[in-house]
Structure formats: structure tokens, C-alpha cells
Amino acid sequence: MSGYLVTILITISIYAMLAHSLNIITGHAGQISLGHAAFFGIGAYAAGLLYTKAGLPFWLDVPLAAVMAGIVGAILGIPCLRVRDDFLAITTMGIGFVVEAVFLYIPFFGGAMGIGGINLPSWFGREMTKGEYFILILAVLALLLLLDYRLGRSWIGLAWASIREDEQAASAMSVHVVRFKVLAFVLGSALAGLAGGFYAHFLTFIMPQNFGFGQSILILCMVVFGGIGTRWGPLVGAALLGILPEISRPIMEYRTLLYGLLLVGMMRFQPSGLLGEDSLVVKSFIKGLSRLRQGS
Amino acid sequence: MIWQQLANGIAVGSVYALISLGLTMVYGILRILHVAHAGIYTLGAYVGLVAFRLVDHFWLSLVAGMVGAAVAGYLVERLLYMPILHMPRIAPLIVSIGLFTAMEEAFRIAAGPHTLVYNAKVGLGELTIGGFRLTETQVLILLVTFLILLFLWLFLTRTKMGLAMRACALDTETASTFGVNVNAVIAVNFIIGSFMAGAAGVLIGVYDNQVWPTMGSIPAYKALAIVVLGGLGNIPGTVLASLIVGLAETFFIGVLSVPFPRDAIAFIAMILVLMFRPYGLLGKA
């Protein structure tokens, strides 16, 4: 595989992991987050600092980054639990801005210059190639999807679904709303941190701007594009929005304009996403399938 | 020194109030987080600037900016928000963010990425009371904000439409059973909100003497923090929160020289307040 292709594939698979982690909070538990890039950043910075300053190897610093993002997610989740709906959206947005400001203004985090010198992981006594790194990320992603499948069929998944549909009714049925919301936040943040760890070792160089508000919106758009709350939707969204900047290179000047209009058009005409309920894609696929059957 | 910072803080807070009021009014009735409101604000500044270059008269350009913004706000409401009101709340939010992104890009492509000078002669003059000095543009901001707030207050408390608007903010369905034309109320609501955003755009254009494509980026998110701080949908709360944020910013940065980004203060204040009052300063559950 060419280096260019591998780079795009790795970017997309990291975005897929990230979109999947937001889908746990927003899709499964129904809690809007506009600051998810903050946890992505916390994971990336934790991995970067543990690797460059504490000298831990990749295989330790990335799991620790996930744990750390999960812990911060639990702490920051507390103010979020006091508020609902739109208040929650703006509170999480605020958390995103504050975390970015902390990275930017506290010298320990390297300021605007960020952190450099975070290498690709090594195994068998040599550095991994990018192709191997891609396969590693895909394997982790597959594990996460399996976990998602198991969770969705467990009582945790049921509890989340009940909170998402009607918080008061869930609470009346003695679902412990606060506990399950915290669980969703912690799990989602930890997985975002995991993606951040992989991202730091892939970019080898991280800056606060990688984890700003625009990034949070991009992640949310991936989830919404693919179909919020579906298992495969976030992956499809990540792939589409990950490829978009590459194929629109010839119209560089109008790229962001196109992206904005795409968001508007998508929500206006296909609000439940490509794989969501009454999706045009799924409908036409089923129609095509039945036509094939009749033909044979 | 302190007095000067106070004047600066109140001027900044007044502009925040003009931007945030539209946002809070839209939220009060439609429950939409109208991020693209900041795009309307930028549009107002550009329309005002173009008008100023054409007629070379500040007050006419202010009116042009306000009218331009109001028309744009009305179109956004009719063409984009109305058809998706029944969707989950995340749909209008993303439409709004997408629209805002597209608007900023459209300004950049149409008017160029550089800043344009808005060098208007207002003709008001400075105001000096003892050691307290207001620059000409500060006088302008305070005057225009005062007039607009007065107009808004009279409109909401003295007219039939204002009464209908307050009724819709309490409960749209009940209001409509009492014969309130909800569609008209929503349209008027958007027009007035955008009108104020347009005024804010022109005022900031003159105050900073520049207009640029991304001038709405920071207000877009800061206004959301202010609106939540005051209590979403609460008009007096929004004015109070705007002044608090305007003053806090000028004092923390100007007087205490805290090494912290100015634009994070609104969000920190908001998170702290929400810990104790989950519905904002003056909001009710």
C-alpha cells in the first residue's frame, strides 16, 4: 500500500474509534456532547507526556491515556449531570474550550508549540511500519465493536436506551439514572482517550489546535451523518467525512463551504443519518434486493 | 483607570447583550440553539459597510445593516428551521452550525479574507464626566443599546404582538389554542432578534474600525455561554449576564492581568454558575 493511502486509512480508523466513543454517550445514552475532542486531546496529551517525559513504552502509555481520560470524564461529568439537553450541550462545549485553553496556556503542556517526538510503537525490536500500525488500530476497533454489541444486549444497554427515550420514566422504573449517565460518560471519554493515544503516536507531534471545537463538531457530524445510535453508522460517517477533504482537494477554496452546506442539506433532508430510520440508502438497498429476488 | 475599565466593560457587555438577546428569544420560543445567529451578526456588519461605502452616511448604514440582518434571519427561519422543528433537537443544532460555517466561508469568498475598514463619522462626540471619559464609539454603543432595549421592553409589555410572544415563550401550544398566530410570532421573533444582531455587527465594525469574515466566530460561542449563564430564554437574565461577562473580561484581563484567554472566562463563569444554579442566574426550572 502506498504511504498516502495508509495515512488516510489510519486517520479514518482513528476517527471511526472516536465517532464510536461519542456514539456511546450521544447515541446510546442520549446525552449531547459538543466537547468530545477535549477527551481525545486529554488522551493524546497523556500518552505524549507519559512517552516523552516518563519514558513509558507505547503499550503502557496508550492504555494509561484511556484510563486518565476516563477519570477526567468522570470528574467533568459531574457538572454535566446537573444539567440537561441544551444546557448540557453548552456545558460540554464550555468544557472543550476550557481544556483547549489549559493545553494552550499552561507551559507544562508545551503551549502553542505542543509536544513532539512521540514515535510510532515498536515491536520485535524494531519500529512498526504504518501498515502494521493500521492493522493494530483495526483490531482494536473490531474489539470495541464487539464490546458495543455485547453491551447493547446487556442490561447496561437497556438502561441507557430507557434513559435516552425518557429519563423520568426510566427513573420511575428504578433505573439509576445518574449511575448510568456517569458510566456512559466514563466509557465514552476513556475510548476517546484511547483514540487520542493512537493519534498522538501516529502524528508524532500534537498541538492544542488538534483538539478544538471544530474537531468536536467534526466528530459529532460523523456520528450524525452515519446514523446516531446505530452500530455501523459512526464508522460510515467517519469514512465519508475522512475521505471528503481528500477527494475535494481540487476545489480547496470551496471545501469548508461545501462541508457547511453538506451539514445543512443532510439534516434538512436526511436527519436520521445514512443508516438510521427511514434512510434513503437503506430503503433503496432493500428495494433493490427485493427487485433482484423477483427477477430471479 | 478603574473607571475607564468600567466604561470599556459596559460597552463590551452592551454589544454582548445585543447579540445574545436574539439568541435567547429564539430559544425561548423554538428551543433551538441558533448558532448561525453570529453569521447574521457578521452579515449585518458587511451590509452596513457596503451601505456606508455607497451613501457615506453612518446612521443610514446602521439601518441598512439591521434591515439586511432581519431579512436574512427571516429567510433562515422560514427555509431551514421551520421544516425540521419536529426533529430531535440535535438536527436544528447541526443545521445551525453547518449554516454558520457556510456563511463564514461565503463572506471570505465574496469579500476576501482580509479585514475591511469601517471608518464612519458618527457625529456624536466624546463624553467626559469628571475623570470618566467615554469615547465617541462607546457613547454610540451605549446610546443604541439603550434605545433598542427600550424599544424591546415597550414592544414586549405594551403591544398585542409582544403579549403573544411572551405567551408563546411560556407555552406555545396553549397560546395557539387561545388564537395566537404562532407562525407570525416566530417570524417576528426572528426578525427582531436578527435586527439586534445586525445592529451589534455594525456597532462592533465601527468600534474596532474593521469588518472581517470570522468576526462572528468568538461571539457565536460566547453568546451561547452568556445565554445559558443568564438562564436560557430569560431576557433580563441575558442582559445581566452580558454585562457581568463584559465587566469580568475587562477587569480580569485589563486590571488584574490574569494570564488566561479572555474568551474562556464566559465559559468558566457559566460552568461555575451551573454547578449551583442548573438553570442559570435568573432561569426557572
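The values are calculated or read from the model by the stated rules, or taken from the named source; none is laboratory data. From a predicted model like this one, the values you see are computed outputs, not experimental measurements. Cβ atoms come from the backbone with ideal geometry, glycine included; neighbour counts cover every protein chain shown.
Here is a list of conditions, (1) away from chain A (no Cβ under 14 Å); (2) among the small types (Gly, Ala, Ser); (3) under 22 Å from residue B:216 (Cβ atoms); (4) part of a helix (DSSP H, G or I), and residue B:167 meets all of them except one; can you say which number that is?
Tallying (1) away from chain A (no Cβ under 14 Å); (2) among the small types (Gly, Ala, Ser); (3) under 22 Å from residue B:216 (Cβ atoms); (4) part of a helix (DSSP H, G or I), residue B:167 fails exactly one: (3).
Whether any residue in region A:185-200 is in contact with a strand residue (DSSP E or B) (Cβ under 8 Å, 6 or more places away or on another chain) and more than 14 Å from chain B (Cβ to nearest Cβ) is what I want to check.
Looking through region A:185-200, at least one residue is in contact with a strand residue (DSSP E or B) (Cβ under 8 Å, 6 or more places away or on another chain) and more than 14 Å from chain B (Cβ to nearest Cβ).
Sort through A:154, A:189 and tell me the only one that's of a type in the set (S, T, N, Q), buried (at least 23 other Cβ atoms within 10 Å of the Cβ) and modelled with pLDDT of 85 or more. Full working, then the answer.
Numbers: A:154 fails: buried (at least 23 other Cβ atoms within 10 Å of the Cβ).
Among A:154, A:189, only A:189 is of a type in the set (S, T, N, Q), buried (at least 23 other Cβ atoms within 10 Å of the Cβ) and modelled with pLDDT of 85 or more.
In region A:245-260, is there at least one residue being modelled with pLDDT of 90 or more, farther than 19 Å from residue A:151 by Cα, of a type in the set (A, V, I, L, M) and in contact with a helix residue (DSSP H, G or I) (Cβ under 8 Å, 6 or more places away or on another chain)?
The answer is no, given that none of the residues of region A:245-260 is modelled with pLDDT of 90 or more, farther than 19 Å from residue A:151 by Cα, of a type in the set (A, V, I, L, M) and in contact with a helix residue (DSSP H, G or I) (Cβ under 8 Å, 6 or more places away or on another chain).
Of the residues B:231, B:254, which is surrounded by 22 or more Cβ atoms within 10 Å (Cβ to Cβ), more than 9 Å from chain A (Cβ to nearest Cβ) and in contact (Cβ under 8 Å) with a residue 12 or more places away in the chain?
Values: B:254 fails: surrounded by 22 or more Cβ atoms within 10 Å (Cβ to Cβ).
Step by step, each of B:231, B:254 is checked, and only B:231 is surrounded by 22 or more Cβ atoms within 10 Å (Cβ to Cβ), more than 9 Å from chain A (Cβ to nearest Cβ) and in contact (Cβ under 8 Å) with a residue 12 or more places away in the chain.
For the subset of region B:257-282 comprising residues that are more than 9 Å from chain A (Cβ to nearest Cβ) and small (Gly, Ala, Ser), which member is nearest to residue B:29 (Cα to Cα)?
Checking each candidate, the answer is B:269.
Please work out if residue B:160 is closer than 23 Å to residue B:211 by Cα and away from chain A (no Cβ under 14 Å).
No.
Yes or no, residue by residue, for (1) surrounded by 12 or more Cβ atoms within 10 Å (Cβ to Cβ); (2) more than 30 Å from residue A:31 (Cβ to Cβ):
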site: B:80; (1), (2): yes, no
site: B:87; (1), (2): yes, no
site: B:91; (1), (2): yes, no
site: B:114; (1), (2): no, yes
site: B:127; (1), (2): yes, yes
site: B:130; (1), (2): no, yes
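Somewhere in region B:60-74, is a residue within 14 Å of chain A (Cβ to nearest Cβ) and closer than 30 Å to residue A:273 by Cβ?
no
Take the residues of region A:26-48 that are within 11 Å of another protein chain (Cβ to nearest Cβ) and among the β-branched types (Val, Ile, Thr): which is nearest to residue A:120 (Cα to Cα)?
So the residue we want is A:26.
Among the residues of region B:204-256 satisfying the criterion of being assigned to a helix (DSSP H, G or I) and among the charged types (D, E, K, R), which is nearest to residue B:156 (Cα to Cα)?
Only one residue tops the list, namely B:222.
Which pairs turn up if I take residues in region A:89-105 that are in contact (Cβ under 8 Å) with a residue 60 or more places away in the chain and look for partners that are among the charged types (D, E, K, R) and surrounded by fewer than 24 Cβ atoms within 10 Å (Cβ to Cβ) with beta carbon separation below 8 Å, at least 6 apart in sequence or on another chain?
Going by the 8 Å Cβ cut-off, the qualifying pairs are A:97/B:263.
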